[in-house]
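The values are calculated or read from the model by the stated rules, or taken from the named source; none is laboratory data. Computed from a prediction, not measured in an experiment: that's the story for all the values here. Don't worry about glycine lacking a Cβ; one is built from the backbone with ideal geometry, like all the others, and counts go over all protein chains shown.
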Amino acid sequence: MSNRSRLVADAERYFVPTYGRPAFVLDHGSGAEVWDTDGRRYLDFVAGIAVNALGHAHPATVAALVEQAPKLIHTSNLYYTAPAVELAKLLVESCFADKVFFCNSGAEAVEGAFKFARKVARERHGEGKHTIVAFEGSFHGRTMGAVAATHREKYRQPFMPVMPGVRFAPFNDLQAATQAIDDDVCAVIVEPIQGEGGITAANDDFLQTLHEQCDAHDALLIVDEVQCGMGRTGELWAYQGSGIKPDIMVIAKPLGGGLPIGAILTTDAVAEHLHPGDHGSTFAGGPLVCAVALQVFKHLSDPSFLQHVREIGDYLGDRLVELQAEDPHVLEVRGCGLMRGLRVAGSAAAVKDAAQEAGLLLVPAGDDVVRIVPPLIIEREHVDEAVGIIRHALEVLA
C-alpha cells in the first residue's frame with residue numbers, strides 16, 4: 001500500500017465523517033501552488049477557503065512564527081502581550097471600530113457579536129428586545145447561535161432546536177428588510193458579499209436601508225466580513241464603499257495567515273456595556289497567532305497591495321466574462337476583486353471535480369455556483385492557467 005493510500009485509509013478509519021475529501025494528500029505549498037504526496041502540483045484557487053490570502057509559506061508569516069515561537073506561544077487572556085495589543089491597534093485604526101475582542105474563528109466571532117448585541121439591548125431596554133434579523137442565502141457559521149442565523153436548511157435543520165429568536169428576510173429586498181426590522185430586534189447581521197450563499201453582493205441601497213432601520217429601532221448592525229473582508233474585494237473592508245458605519249464587524253479567515261484567529265470589532269457605544277466576565281476565551285488572541293496576524297494584516301492593508309488585488313481582480317473578472325460569452329453553460333459571473341463566482345447550468349461540484357483532475361483546486365458556493373477565492377498574491381499567469389482549466393472543466397456539463 002502506498003503512503004497516500006495508507007493515509008487516506010487511516011483518515012477514513014479515524015476521522016468523524018463530516019467531510020467528503022478527494023483521495024489525495026496535500027504535502028506542501030508555495031505561493032499559489034500546492035503539491036500532494038505523489039508529487040502532483042495543483043494551482044490553489046481555494047486558498048484554505050479564502051484564508052491563505054498571502055498564499056502558502058509566505059516569508060513574512062514564516063518569519064513571524066520562527067521569531068515568536070521561542071518567546072511566548074500561549075499566556076491566556078489573564079495577561080497582556082505586545083502582539084495582541086499591536087494587532088488590536090492596527091485593526092481599530094483601519095475602520096469604524098473603537099475596540100476589539102479576539103476569538104479563534106469566524107463562528108466564534110458571530111457568537112460573541114450576538115451576545116454583545118443582546119447584552120446591549122437588555123441594558124438599554126430590558127427584556128424582550130432580543131430578535132436577530134438575518135437574510136436568505138446567509139452563512140454565519142456552524143455553532144448553535146451562528147447556524148441559527150444561517151439560512152440554508154441543510155446546515156440548520158438537523159440540529160433543531162438551535163438558538164431561538166432569529167428572523168430571516170429576503171436578501172437585497174428593501175421593503176422586506178424594513179418590515180422585518182422592528183422594535184423587538186436587537187441586531188441585524190449581513191454579509192456585504194455572501195460567500196456560501198453564491199457570491200452574491202449586497203446592494204449599497206440595501207446596506208444603507210439596514211443602517212437606517214437599525215438606527216430607527218435602536219438595533220445594532222453587524223457586518224460579517226469573515227470571508228469577504230481584509231482585501232479580498234480590492235478594498236480593505238467590503239462595507240466601506242457603501243457609505244455605512246456598522247456597530248459591529250466580525251472577521252476571521254485571512255487574518256491569521258492560516259492560524260486560527262477571529263475578531264469582533266465594535267464601537268465604544270457597544271463596548272461600554274461589556275464588563276469583566278461577560279465573555280472570554282482561553283486561547284484567543286495568543287501571542288503566537290497575533291504575531292503572525294500582525295504581519296499578515298500589515299501586508300494586506302498596504303495600499304499598493306490592495307491596488308494589486310484590484311488590478312488582478314479586474315483581470316480575472318474580464319477573463320471570466322469572456323468565458324461566459326464563449327460557453328453557454330456559464331450563466332452569470334458574480335462578485336468582485338478576487339472573490340468571484342460562476343453560476344453554471346448544472347452541478348458546480350461536477351465542475352470542481354473536473355478542474356481538480358486537471359490540476360486546479362476550486363470550491364462550490366451552493367449547488368450551481370463555482371467559487372473562485374485564490375490567494376491575493378496571484379498574478380496574471382495564474383489567472384490565465386485557471387481560466388484555461390475551468391474552460392476545459394465546463395465540458396463536464398455537456
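Do the conditions hold for GLU33, that is, is it in the same structural domain as GLU381 (by TED's automatic domain parsing), of a type in the set (D, E, K, R) and either within 30 Å of LEU236 (Cα to Cα) or buried (at least 17 other Cβ atoms within 10 Å of the Cβ) (or both)? The answer is yes for GLU33. Suppose the filter is exposed (fewer than 15 other Cβ atoms within 10 Å of the Cβ), assigned to a loop (DSSP other than H, G, I, E, B), at pLDDT 95 or above and out of contact with any Asp or Glu (no Cβ under 6 Å at 6 or more places or on another chain); does PRO375 pass it? So PRO375 does not fit the description; no.
Restricting attention to the range 31-82, the residues being under 24 Å from the mean Cα position of the chain (by Cα) and closer than 30 Å to MET1 by Cβ number 9. Candidates are the residues of the range 97-129 that are within 21 Å of TRP237 (Cα to Cα) and β-branched (Val, Ile, Thr); the one that is farthest from the chain's Cα centre (by Cα) is VAL100.
Select, from ASP278, ASP327, ASP314, the only residue that is assigned by TED's automatic domain parsing to the domain that holds ALA201 and among the charged types (D, E, K, R).
Result of the check over ASP278, ASP327, ASP314: ASP278.
When we screen ALA50, ALA146, ALA109 for residues that are of a type in the set (A, V, I, L, M, F, W, C), under 17 Å from PRO254 (Cα atoms), surrounded by 15 or more Cβ atoms within 10 Å (Cβ to Cβ) and in the same structural domain as VAL185 (by TED's automatic domain parsing), the only hit is ALA109. Residue-level check: of (1) surrounded by fewer than 16 Cβ atoms within 10 Å (Cβ to Cβ); (2) in a helix (DSSP H, G or I); (3) β-branched (Val, Ile, Thr); (4) not assigned by TED's automatic domain parsing to the domain that holds GLY285, VAL8 misses just (1). Against the test of being at positive phi and either in contact with a Gly (Cβ under 8 Å, 6 or more places away or on another chain) or not hydroxyl-bearing (Ser, Thr, Tyr) (or both), the options GLY197, GLY257 yield a single qualifying residue, GLY257. In the range 119-126 there is no residue matching the filter, namely being under 30 Å from GLY31 (Cβ atoms) and of a type in the set (Val, Ile, Thr). The set of residues in the range 259-285 being surrounded by 22 or more Cβ atoms within 10 Å (Cβ to Cβ) and in contact with a Ser or Thr (Cβ under 7 Å, 6 or more places away or on another chain) consists of GLY262 alone. Under the condition of being without any contact (Cβ under 8 Å) to a residue 40 or more places away in the chain and among the basic types (Lys, Arg), which residue from the range 137-154 is farthest from GLY262 (Cα to Cα)? Step by step, filter the range 137-154, then rank; the result is LYS154.
Give the number of residues within the range 268-306 that are closer than 25 Å to GLY335 by Cα, in a helix (DSSP H, G or I) and in contact (Cβ under 8 Å) with a residue 12 or more places away in the chain. Quick ask: steps written out before the conclusion?
Going through the range 268-306, the residues closer than 25 Å to GLY335 by Cα turn out to be 296-306.
Okay, now just the ones that are also in a helix (DSSP H, G or I), so 296-300, 303-306.
Applying the additional criterion that residues be in contact (Cβ under 8 Å) with a residue 12 or more places away in the chain yields 296-300, 305-306.
So the count comes out to 7.
Residue by residue through the range 140-190, note down the ones that are among the hydroxyl-bearing types (Ser, Thr, Tyr) and assigned to a loop (DSSP other than H, G, I, E, B). Selection gives THR143, THR150. Within the range 61-114, the set of residues being touching a strand residue (DSSP E or B) at 6+ places or on another chain (Cβ under 6 Å), polar (S, T, N, Q) and part of a helix (DSSP H, G or I) comprises just one member, THR61. When ARG310 is tested against the conditions (1) assigned to a helix (DSSP H, G or I); (2) of a type outside the set (A, V, I, L, M); (3) in contact with a Gly (Cβ under 7 Å, 6 or more places away or on another chain); (4) buried (at least 24 other Cβ atoms within 10 Å of the Cβ), the lone failure is (4).
Output yes when any residue across the range 268-289 is under 16 Å from the mean Cα position of the chain (by Cα), within 22 Å of ASN104 (Cβ to Cβ) and among the β-branched types (Val, Ile, Thr), and no when none is. No: the range 268-289 contains no residue that is under 16 Å from the mean Cα position of the chain (by Cα), within 22 Å of ASN104 (Cβ to Cβ) and among the β-branched types (Val, Ile, Thr). Of the residues in the range 198-211, none is crowded, with 19+ Cβ neighbours inside 10 Å, more than 19 Å from GLY317 (Cα to Cα), touching a residue at least 40 places away in the same chain (Cβ under 8 Å) and in contact with a strand residue (DSSP E or B) (Cβ under 8 Å, 6 or more places away or on another chain). Scanning the range 345-360 for residues that are of a type in the set (A, V, I, L, M) and either without any contact (Cβ under 8 Å) to a residue 12 or more places away in the chain or buried (at least 19 other Cβ atoms within 10 Å of the Cβ) (or both) returns ALA348, VAL351, ALA354, ALA355, LEU360.
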